[in-house]
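Below is one structure, written out as structure tokens, with a few remarks after it.
The values are calculated or read from the model by the stated rules, or taken from the named source; none is laboratory data. What you are looking at is a predicted structure, and each value in this text was computed from that prediction instead of being measured. Glycine also receives a Cβ, built like all others from the backbone with ideal geometry; neighbour counts cover every protein chain displayed. Side chains are part of the model used for accessible areas, which takes the heavy atoms of the whole protein and leaves out ligands, DNA and RNA. Shrake-Rupley method; radii C 1.70, N 1.55, O 1.52, S 1.80 Å.
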Amino acid sequence: MLTKSNDLEILLSVVDTGGFTAAAESLDIQVARVSRAVSKVESQLGVTILTRTTRRIELTDEGRQFVDSVRVGLMQLQQAEEEIISRGELPKGKLRVDAASPFVFHQLVPLVQSFNQAYPDIELELTSNEGFVDLLEKKTDIAIRIGALNDSTLHARPLGRSLLYIVASPDYLAKRGIPNKVSELVQHDTIGFSIPKKLNDWPLKGFDKLVPTMTSSNGETVRQLVLKGNGIACLSGFMVKEDIADGRLISLFESEKINHSGREQINAVYYKSSSVAKRISAFIDFIQPRLDL
């Protein structure tokens, strides 16, 4: 007897939420229903998928391999269903988009209202993760990624390039002075990233390794710290060009900057066999010409 897809979806929810109770709350069903579904899957397979302790659950090696296959299988099943349903119709249904919070705040949020007017039947869900997300594990349809791409299993649509700027507030520069040479950065307060460390490699001629005075994992937090006069930072143009134009931030070392670094690239990535291809195309085609990178 084949395992039903809803039992498999319950199993994935247990894995993704980290527990039976959390999965039950997420799916709005009873914990007993969750337990029965997992036990049924394990019984039919004849292997243990989850090891349970009083504090947590963990996947066995067999369970991890099985769960990965289930994710792909359910995605393909959904694709087959939606392709039949959506033939000849405007895109509709849920579209999950993930990007670093500064990109969401400065680039996507301003476009949401007009996108909703153009595609009223697409239910847009925006999430923010500062690092790279596993699209299948996080149930994400599109991820906006900044920097060079390494995952060849994903399809990528280039959205453009966003130049990097070395910036500080007028108040900070009035108090501490304007650095005229790259080597003078060691005498200043600098704001960098706790993760990933490679974001602390500033694209400047003669730049040495930077040990930031202050760090954050969130680019918008770094921007706010710079605006409040806490130091000098390196940030993407898509989040600071307006600040520079309005005089809230001053761009430094323009003649010393090295352009065309991998960090300037911005891509929309998704699985080639995605079940929401029409929604993905609609979203990317809509935002690409409207982004201010």
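For the options Ala32, Ala24, Ala148, a Gaussian network treatment of the chain with springs between C-alpha atoms closer than 10 Å singles out Ala32 as fluctuating the most. Cβ-Cβ distance of Lys40 and Thr127, R₀ of 22 Å, FRET efficiency by 1/(1 + (r/R0)^6): the value works out to about 0.10.
Of all beta bridges that DSSP places with both ends in region 132-284, some 80 percent have antiparallel geometry.
Modelled label positions at Gln187 and Thr60, each set 7 Å beyond Cα in the direction of Cβ, lie 6.6 nm from each other. Net length available on complete extension from Asp285 to Thr48 is 80.8 nm, with 0.36 nm assigned per residue and the Cα-Cα distance removed.
For region 146-293, the gyration tensor built on C-alpha atoms gives a prolate shape. Its axis ratio a/c (a ≥ b ≥ c) is at least 1.5, and a/b is the larger of a/b and b/c. Our coupling estimate for region 176-183, obtained by passing each phi through the Karplus curve with A = 6.51, B = -1.76, C = 1.60 and θ = phi - 60°, is 9, x, 8, x, 9, 10, 4, 5 Hz, Gly and Pro reported as x. Roughly what angle does helix 109-118 make with the longest principal axis of the chain, taking Cα atoms, 0 to 90 degrees, to the nearest 10? Helix 109-118 and the main axis of the chain meet at about 50 degrees. Please grab the % of Cα pairs in the chain that end up more than 28 Å from each other. Tail fraction, whole percent: 51. Classification of region 4-54 by its C-alpha gyration tensor yields an oblate form. The axis ratio a/c (a ≥ b ≥ c) is 1.5 or more, and b/c is at least a/b. Computing FRET efficiency as 1/(1 + (r/R0)^6) for Asp246 and Ser114, where r is the C-beta to C-beta distance and R0 is 30 Å, gives about 0.80. Nonpolar atom fraction for the chain, defined as the carbon and sulfur part of the 1.4 Å probe accessible area, stands at 49 percent.
Result for the chain in a Gaussian network model with C-alpha springs under 10 Å: among Thr48, Thr221, Thr127, the largest mean-square fluctuation is at Thr48. Only beta bridges with both residues in the chain are counted; by DSSP, about 60 percent of them are antiparallel. In terms of its alpha-carbon gyration tensor, region 194-260 comes out oblate; a/c meets the 1.5 threshold, while b/c is at least as large as a/b. Helix 277-287 and the longest principal axis of the Cα set of the chain meet at an angle near 20°.
Summed over qualifying helices (DSSP H, 4 residues or more, each -39500 (n - 2.57)) and divided by its residue number, the chain shows a 222 nm mean residue ellipticity of -11500 deg cm²/dmol. Per-residue accessible area (protein heavy atoms, 1.4 Å probe) orders His188, His106 as His106, His188, starting from the largest. Placing dummy labels 7 Å off each Cα toward the beta-carbon, the span from Asp16 to Ala148 is 3.2 nm. Cross-linked pairs Lys92/Lys278; Lys175/Lys228; Lys209/Lys241: Cα-Cα separations exceed 18 Å for Lys209/Lys241. Full extension of the chain segment joining Lys198 with Leu90 gains 34.7 nm, where the gain is 0.36 nm per residue of separation less the Cα-Cα distance.
Principal-axis analysis of the Cα atoms of the chain puts helix 5-17 at an angle of about 40° to the longest axis. Each principal axis of the Cα cloud of region 162-218 was taken in turn, and the coordinate range along them, longest first, works out to 30, 24, 24 Å.
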